[in-house]
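The structure appears below as C-alpha cells.
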Amino acid sequence: MIEKRKHIRVTIKSIAEVILPEGDFDQAYVGGISRGGLEMYTGKEMKRETPVKITLHFLLEGQEVTEAVQGAVKWSASFKNAFVSGIEFSSVLSAEANPNLVRCIEQAELFYK
C-alpha cells in the first residue's frame with residue numbers, strides 16, 4: 001500500500017467540539033492528528049467535503065489547552081455504533097496559528113523518529 005500522508009500522524013488525547021455549516025454541534029474523540037489533519041470518532045455520520053470548525057481540548061504538559069482549527073471531511077465510515085472521519089485542515093498547522101497544538105504534536109513526533 002502506498003503511503004499518501006504528507007505529515008507524521010501521532011496519538012493525542014483530545015475531546016473536540018465539532019460545528020457543521022448548519023450550526024449543528026457534535027462532540028468527538030480524536031484518535032490521531034498530524035499537521036495536516038485528524039481522525040475523530042463521532043455519534044453522527046459526516047458527509048465528504050463538509051466544512052467543519054473544530055475546537056480541540058487537549059493536555060499539554062499536564063495542563064488543559066484549547067485551540068480551534070478548520071477543515072473539511074475527507075472520508076467517513078461506520079465503526080461499531082459510531083462513526084470515524086478523517087478531517088483535512090484548511091491549512092497546515094503552524095506554530096504561529098496553533099502554537100500549543102504544534103508543540104504537542106512535536107513532542108509526540110519525537111517518539112516516531
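The values are calculated or read from the model by the stated rules, or taken from the named source; none is laboratory data. Only a predicted model underlies this, so the values are computations on that prediction, with no experimental measurement involved. As a convention, Cβ positions derive from the backbone with ideal geometry for all residues, glycine included, and neighbour counts pool all protein chains shown.
How many residues does segment 90-113 contain that are out of contact with any Phe, Trp or Tyr (no Cβ under 9 Å at 6 or more places or on another chain), more than 12 Å from residue 34 (Cβ to Cβ) and assigned to a helix (DSSP H, G or I)?
Total satisfying the criteria: 5.
Every residue in segment 35-44 that is under 8 Å from the mean Cα position of the chain (by Cα) and surrounded by fewer than 21 Cβ atoms within 10 Å (Cβ to Cβ), please. Talk me through it step by step, then tell me what you get.
Initially, segment 35-44 is screened for residues under 8 Å from the mean Cα position of the chain (by Cα), giving 37-40.
The one that is under 8 Å from the mean Cα position of the chain (by Cα) and surrounded by fewer than 21 Cβ atoms within 10 Å (Cβ to Cβ): 39.
Identify all residues within segment 93-113 that are closer than 15 Å to residue 60 by Cβ, modelled with pLDDT of 90 or more and surrounded by 12 or more Cβ atoms within 10 Å (Cβ to Cβ); write none if there are none.
Restricting attention to segment 93-113, the residues satisfying the condition of being closer than 15 Å to residue 60 by Cβ are 93, 95, 98-110.
Imposing the further condition that a residue be modelled with pLDDT of 90 or more reduces the set to 93, 95, 98-106.
Once the filter is applied, which keeps residues that are closer than 15 Å to residue 60 by Cβ, modelled with pLDDT of 90 or more and surrounded by 12 or more Cβ atoms within 10 Å (Cβ to Cβ), segment 93-113 yields 93, 98, 99, 100, 101, 102, 103, 104, 105, 106.
Just one of (1) farther than 21 Å from residue 22 by Cβ; (2) touching a residue at least 40 places away in the same chain (Cβ under 8 Å); (3) of a type outside the set (A, V, I, L, M, F, W, C) trips up residue 99, so point out which.
(2)
If I filter segment 46-92 down to residues being more than 11 Å from the chain's Cα centre (by Cα) and of a type in the set (Gly, Ala, Ser), which single residue comes out as surrounded by the most Cβ atoms within 10 Å (Cβ to Cβ)?
76
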